[in-house]
Amino acid sequence: MSKNKKKNYLSGSDSHKISKENRIITKYLEKLRNDSKRDPSQYITSMRDENNIVELDNVCTYFFTDIGVVRAVDGVSFDIPKCSTVGVVGESGCGKSVTSLSIMQLLQRPTGQVVGGEIRLSNEDGTAYNIVNTPTSVMQEIRGNKISMIFQEPMTSLNPVFRIGAQINEVLELHHSEMTKEQIHDRTMEMLEMVGIANAEGVYNMYPHELSGGMRQRVMIAIALACDPKLIIADEPTTALDVTIQAQILDLLRNLKDKINSSIMLITHDLGVIAEMADYVVVMYAGRVVEKGTAHDIFHNPCHPYTIGLMKSKPVVGKQVDELYNIPGNVPNPVNMPDYCYFRDRCDLCDHERCSGKYPSEIRISDTHVVSCHLFADKGEVVGRSQIIPNSQLLEDRVEYNKNRKKKMAESVNANGQTDKTGAREDK
Ligand SMILES: Nc1ncnc2c1ncn2[C@@H]1O[C@H](COP(=O)(O)OP(=O)(O)OP(=O)(O)O)[C@@H](O)[C@H]1O
Ligand code: SF4
Ligand SMILES: [Mg+2]
């Protein structure tokens, strides 16, 4: 106990040093994010595959806290194909929500930052946005319009002091300035009816507290779908609801997705929901993807010991067991991740000789199925290796960025014979 205490102990000066370094890094990242004059060539790119709506490539999202860097998402890569549902599963704290918040650029800033990788969002004109580099001002046009999100708890997502109608209208007013007041009202009524609210006119004038949990979640779906987004992110949309309402909401989501030809990224703990809804499944553990494939691959041929453990811990109707299986142990501390397989200390199938090496690479074991485990090292081709981004690299990037800015400023002074008013002074 005392040894453990010592291991995790941070003195005042350690903590001061960490927060000073964090401030330098987050200030630099915030400056990049808020640069509304950023050249579009830095965030306009193209998709690897035109059939995908979103592609995540080696995405790293870190929280720069006073006790150290929390590597919440560490080299996550997966695709969301057009008009499909991708289920993301994993136990609590494995980085599902942080992945979705990274796509929306809704992380708690300045502590939370996407520090590496690419998140490409397909645009209608054949180009794509790299959301990681997209400035906040451009993101405001994308959020709610091209991508929208349904949160777990509707009561905390709806504003308690505004009527339901006003909250749906607001989304349309923001993204469709060409619509008249009447058109917005009609569209809101249409949305309320589409999500199965019987008394649409009455609900339009109600406050959130006057609705049931299921109705509130329907309103959240109406808000999310008001602008016909191409991607709907549903972060545990039915966890707060009872099973009957849960089935209705899932049915509704599935039907609406087909109606507006969008894709769903469905985050849940519930493998039953995934089996029912998802075309593709991504299994996450401790901020990394450990296995991904079609729903058939994952449910009929789970390969990673963690996925096998998740499957075993699912209750099966008609199968009597004295005790449900649970995966022993806990997820490692996200501030001090080991450099070997993160699952090693909990793994039943650990082969000490093979598994003592570096974190396993991603191995493609079929066209659609990828697993990250040393047991499959000679059963397929290596397709990816996720990398940790050390603070030293971020600090070097910042120095490089400041150098380039200084150079640009000097060039603009030489060209105009006066100081560039947009040029900021160098950070201390
Ligand atoms: N604002 C924050 N500051 C510091 N760490 C954070 C913050 N938000 C999330 N984290 C850390 O990031 C990791 C991933 O969290 P995340 O919310 O993505 O988990 P999750 O997979 O969605 O879990 P759950 O199923 O419980 O919702 C956790 O270790 C969490 O402690
Ligand atoms: S790499 Fe080894 S320890 Fe990790 S999941 Fe595979 S078998 Fe288990
Ligand atoms: Mg979550």
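The values are calculated or read from the model by the stated rules, or taken from the named source; none is laboratory data. Remember, predicted model here, so these are calculated numbers, not experimental data. Note: ideal-geometry Cβ built from the backbone for every residue, glycine included; neighbour counts use all protein chains shown.
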Of the conditions (1) under 23 Å from residue 253 (Cβ atoms); (2) at pLDDT 90 or above; (3) surrounded by 17 or more Cβ atoms within 10 Å (Cβ to Cβ), residue 194 clears all except one; give me its number. (2)
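Does at least one position in the range 175-187 carry a residue that is under 21 Å from residue 156 (Cα atoms) and among the aliphatic types (A, V, I, L, M)?
There is no residue in the range 175-187 that is under 21 Å from residue 156 (Cα atoms) and among the aliphatic types (A, V, I, L, M).
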Can you find a residue in the range 117-125 that is over 16 Å from residue 292 (Cα atoms), out of contact with any Leu (no Cβ under 6 Å at 6 or more places or on another chain), within 16 Å of ligand 3 (Cβ to nearest atom) and part of a loop (DSSP other than H, G, I, E, B)? no
Considering the range 145-177, residues that are of a type in the set (Ser, Thr, Tyr) and exposed (fewer than 15 other Cβ atoms within 10 Å of the Cβ), and then whichever is farthest from ligand 3 (Cβ to nearest atom), we arrive at 177
Mind checking which pairs have a first residue in the range 90-119 that is within 22 Å of residue 148 (Cβ to Cβ) and a second that is of a type in the set (Lys, Arg), Cβ under 7 Å, 6 or more apart or different chains? 104/143
Return the pairs, sorted by first residue and then second, in which the second residue is assigned to a helix (DSSP H, G or I) and within 16 Å of ligand 1 (Cβ to nearest atom), the first residue lies in the range 236-258 and is closer than 14 Å to residue 270 by Cβ and without any contact (Cβ under 8 Å) to a residue 40 or more places away in the chain, the beta carbons are less than 9 Å apart, and the residues are 6+ apart or on different chains. 238/273; 246/273; 250/273
Test: residue 142 is without any contact (Cβ under 8 Å) to a residue 24 or more places away in the chain, surrounded by 15 or more Cβ atoms within 10 Å (Cβ to Cβ), more than 16 Å from ligand 3 (Cβ to nearest atom) and within 30 Å of residue 65 (Cβ to Cβ): yes
Within the range 341-352, of all residues that are in contact with a helix residue (DSSP H, G or I) (Cβ under 9 Å, 6 or more places away or on another chain) and charged (D, E, K, R), the one nearest to ligand 3 (Cβ to nearest atom) is 346
Identify, from the list 244, 239, the residue that is polar (S, T, N, Q) and within 13 Å of ligand 1 (Cβ to nearest atom). 239
Residue count for the range 374-395, restricted to those that are in a helix (DSSP H, G or I) and either touching a residue at least 60 places away in the same chain (Cβ under 8 Å) or over 30 Å from residue 113 (Cα atoms) (or both): 6
Residues of the range 353-373 classified as free of Cβ contacts under 8 Å to residues at least 24 places away in the same chain and either near ligand 2 (Cβ under 8 Å from one of its atoms) or in contact with a helix residue (DSSP H, G or I) (Cβ under 9 Å, 6 or more places away or on another chain) (or both), total: 6
State yes or no: is residue 43 more than 16 Å from ligand 1 (Cβ to nearest atom) and within 29 Å of residue 255 (Cα to Cα)? no
Are any of the residues in the range 344-357 surrounded by 12 or more Cβ atoms within 10 Å (Cβ to Cβ) and within 30 Å of residue 81 (Cβ to Cβ)? no
Selection count, the range 16-58, where residues are touching a residue at least 40 places away in the same chain (Cβ under 8 Å), of a type outside the set (Phe, Trp, Tyr) and closer than 17 Å to residue 122 by Cα: 13
Given (1) away from ligand 1 (no atom under 12 Å from the Cβ); (2) within 15 Å of the chain's Cα centre (by Cα), index of the condition residue 137 fails: (2)
Qualifying strands (runs of 3 or more DSSP E) (wholly inside the range 49-116; at least 2 residues being buried (at least 20 other Cβ atoms within 10 Å of the Cβ), within 16 Å of ligand 2 (Cβ to nearest atom) and modelled with pLDDT under 95): 68-81
